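Worksheet: one structure, shown below.
Taken together, the values in this text are just the output of simple stated rules run on the coordinates, not laboratory data. Predicted model, so just to flag it, every value in this text is computed and none were measured. Glycine gets a Cβ as well: all are built from the backbone with ideal geometry, and neighbour counts include every protein chain shown.
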Amino acid sequence: MLLSVAILAAALVFALVSGAVLSSGYTRASAESLSRAARALAAAFPADGISNVDAARRFAEAAAEGGYRVTLILPDGVVLADSEADPRGMENHKERPEVASALSGRPSVSRRRSATVGEELVYAAAPIYINRGDASAPVRDVSGPIAGVLRLALHVPNFDRALASSRWTLALAALAFVVAAIAAAWAFSRMTSRPIAALARAARSYGSGLAASTTEGALALSAADPEEMQVLASTLDSMASEINARIAAAESQGRELEAILDAMSEAVLALDSGLAIRIVNPAARTLFGLEGDSTGKRLLEATRSSALQEVAASCLESGQNEEAEISLFFPSSSERVFRALAAPLKGDARGGSGGVVLVLGDITTLRRLERVRRDFVANVSHELRTPVQLVKGFAESLREGALEEPEQARRFVGIIERNAARMENLISDLLSLASLEREDGSRLKTELTSIESILEGARQAILPKAAGKGISVLVECDEELKAKAEAALLEQAVVNLIDNAVKYSPPDTTILVSAWGEEGFLLIEVRDQGFGIPASDLNRIFERFYRVDKARSRELGGTGLGLAIVKHIAIAHGGDVSVESWEGEGSTFRIRIPL
């Protein structure tokens with residue numbers, strides 16, 4: 001349909017343009033013919049015609065028989081004679097363009113509407129020269145003065161009127177051409193529309209899902225269809241198959257990458273060249289509290305870390321891997337330490353940077369363990385140095401002659417014995433602590449145990465030391481109270497707490513050991529009337545080797561590991577330990593484990 005309309009429009013445009021071109025050429029040819037006639041009549045005008053009005057009128061009338069309007073004009077512009085009008089009523093023609101040009105010796109042609117007859121005419125004017133010689137001379141002298149102007153006028157040629165007789169013939173020919181063109185267009189359209197429609201259906205099926213069959217377009221074509229269409233169909237099917245395979249591979253790789261990122265415990269952020277987030281894994285979302293779609297957020301806005309921003313910017317600028325150890329602070333937790341690795345992403349073919357990948361590994365526990373290890377080594381070295389030096393020193397004194405003095409020797413041996421016992425206690429506590437750190441709760445040999453018997457066993461173990469200071473140890477516990485626990489470990493924890501209470505309580509005071517069940521937990525409490533613990537030390541007393549009063553603790557034989565052991569026993573049972581204390585009012589230690 002569109003092709004038929006285009007053919008009709010092209011035919012119409014062709015007809016209009018052709019008519020305009022032919023009409024223009026016909027008019028131009030008519031004007032040139034009129035100009036030649038004007039020059040010929042001007043040359044044939046009698047020499048005495050200008051001075052004889054009647055002769056001029058007769059010449060004009062005779063010339064008008066050729067179908068022209070003839071006007072004779074004097075050099076001053078006055079009309080001498082006119083074949084169609086009375087010259088006495090006509091205005092001066094000196095300013096007419098064709099007349100003015102002819103008076104200057106140049107024949108000319110012009111086209112305009114006539115003021116006399118009221119119609120559009122073509123004018124041709126030629127100068128009339130005075131003959132300098134015999135009037136019968138065969139050649140007129142055109143170098144003499146101009147005696148006047150001869151002007152011919154003709155109605156503007158109408159091409160349509162000239163072709164009026166053959167109009168119907170041309171119209172029938174044009175109609176036959178249009179019909180033939182439309183028939184050819186329809187045949188061509190029928191030949192190409194079916195394979196094109198088949199290709200369009202195939203293209204739509206590709207667009208709706210390339211996973212569907214990609215052979216529909218090729219199967220819809222036959223050997224009778226144009227070869228070009230068959231090649232196009234084959235190419236389209238091959239291209240769709242290739243794209244389908246690539247999409248499947250990309251989706252598979254995307255799922256693999258997503259699974260890897262989701263499984264990583266490290267926080268991963270992929271950033272573009274403007275340090276805006278492109279990809280963020282669940283670990284990073286949890287770490288920085290990101291909710292919803294974080295794509296497009298700036299790194300600094302999402303993480304609130306200028307150190308992380310600096311690492312990423314440095315990697316982006318240098319194009320090299322960057323690694324740094326940074327500290328991040330979170331409202332819900334204390335300071336955490338991370339190892340940040342920044343790697344540049346590959347950019348475009350021109351070498352531009354494509355962005356940065358940030359990987360954050362939490363090394364807070366590692367750094368804490370390294371600090372604990374350093375402190376542990378330093379503390380153990382410090383705790384062992386003094387007794388080892390004492391043992392060594394007094395052994396040398398005995399070897400150098402103190403053995404010959406019995407009383408002195410006994411005193412030295414007593415000192416060596418006490419320091420050896422101190423080292424033994426320290427080593428025993430260290431081994432206990434190491435063993436507890438290896439336990440994870442599931443390896444404990446727990447059984448349903450009477451808590452009252454555990455508390456009484458701990459009291460009996462400390463009773464001699466307490467009696468030496470006149471300290472009373474009281475136990476308050478329901479005989480029916482039981483809990484699943486490893487009795488030996490739990491008793492050791494209670495013994496350590498009572499032992500600490502005895503060490504730091506003044507003589508003739510009371511230590512109360514009590515236990516009860518509350519909301520599914522067992523609570524064991526040791527309350528003393530000792531000197532109390534300063535508030536500044538409460539958060540650290542469960543650390544290894546930490547002592548509130550170091551000199552007094554060593555004097556009393558403490559290793560600094562008792563409370564650390566209590567803490568790890570509680571943790572191994574899935575519980576915890578706490579303390580409440582006020583200086584001068586005593587302390588209350590509480591173990592809390594599941595019943």
- [ ] Under 13 Å from a label point 7 Å along Cα→Cβ of Leu366: give me every residue in segment 307-330 with its amide N that close.
- [x] 324-326
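Looking at segment 264-362, I'd like the Rg to Rh ratio, where Rg is from alpha-carbon atoms and Rh is Kirkwood's inverse mean 1/r. If you can, show how the numbers build up before the last one.
On the way: Rg = 12.9 Å, Rh = 13.5 Å.
Radius of gyration over Kirkwood radius for segment 264-362 works out to 0.96.
Once the Cβ-Cβ distance between Ala421 and Thr295 is put in as r, and R0 is 60 Å, what FRET efficiency do you end up with, to the nearest 0.05? Don't jump to the answer; show the numbers that get you there.
On the way: r = 67 Å, r/R0 = 1.11.
Between Ala421 and Thr295 the formula returns 0.35.
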- [ ] Based solely on C-alpha atoms, express the radius of gyration and the Dmax of segment 464-549 in angstrom.
- [x] 14.3, 39
Task: Charge sum, other residues only, whose C-beta stays under 13 Å from Glu335's C-beta, Lys/Arg counted +1 and Asp/Glu -1 - done: +2
Open item on the list: Give me the three principal axis extents of segment 68-123 from the C-alpha atoms, as integers in angstrom, largest value leading.
Closed with: 26, 22, 18
Open item on the list: On alpha carbon coordinates alone, what is the Rg over Rh value for segment 441-594, Rh being the Kirkwood radius?
Closed with: 0.95
TODO: Take Asp537, project a point 7 Å from its Cα along the Cβ direction, then tell me which residues of segment 577-595 have their backbone nitrogen under 13 Å from it.
DONE: 581-587
Open item on the list: Starting from 0.36 nm per residue, how many nanometres of slack lie between Arg106 and Glu258 once their C-alpha separation is accounted for?
Closed with: 45.3 nm
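Round to the nearest 0.05 the FRET efficiency obtained for Glu325 and Ala409 when R0 = 45 Å and r is the Cβ-Cβ distance. Walk me through the numbers before you get to the answer.
Working: r = 57 Å, r/R0 = 1.27.
Efficiency at R0 = 45 Å is approximately 0.20.
How would you rank Cys315, Cys477, going from fewest to most other Cβ atoms within 10 Å of each one's own Cβ?
Details: Cys315 26, Cys477 18.
The fewest-first ordering by Cβ neighbours comes to Cys477, Cys315.
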Open item on the list: As a footprinting exposure proxy, order Val579, Val473, Val99 by other Cβ within 10 Å, with the fewest listed first.
Closed with: Val579, Val473, Val99
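How much net charge surrounds Asp82 when only other residues with a Cβ under 11 Å from its Cβ are counted (Lys, Arg +1; Asp, Glu -1)? Numbers along the way, then the final one.
Working: positive: Arg57, Arg69, Arg88, Arg151; negative: Glu61, Glu84, Asp86.
Neighbourhood net charge equals +1.
By how many nm would the segment from Leu595 to Ala171 grow when fully extended, if each residue of separation counts as 0.36 nm and the alpha-carbon distance is taken off?
Working: separation 424, 0.36 × 424 = 152.64 nm, distance 11.25 nm.
Residue separation times 0.36 nm, minus the Cα-Cα distance, leaves 141.4 nm.
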Task: Potential lengthening between Ala203 and Asn92 on full extension [0.36 nm per residue; Cα-Cα distance subtracted] - done: 32.0 nm
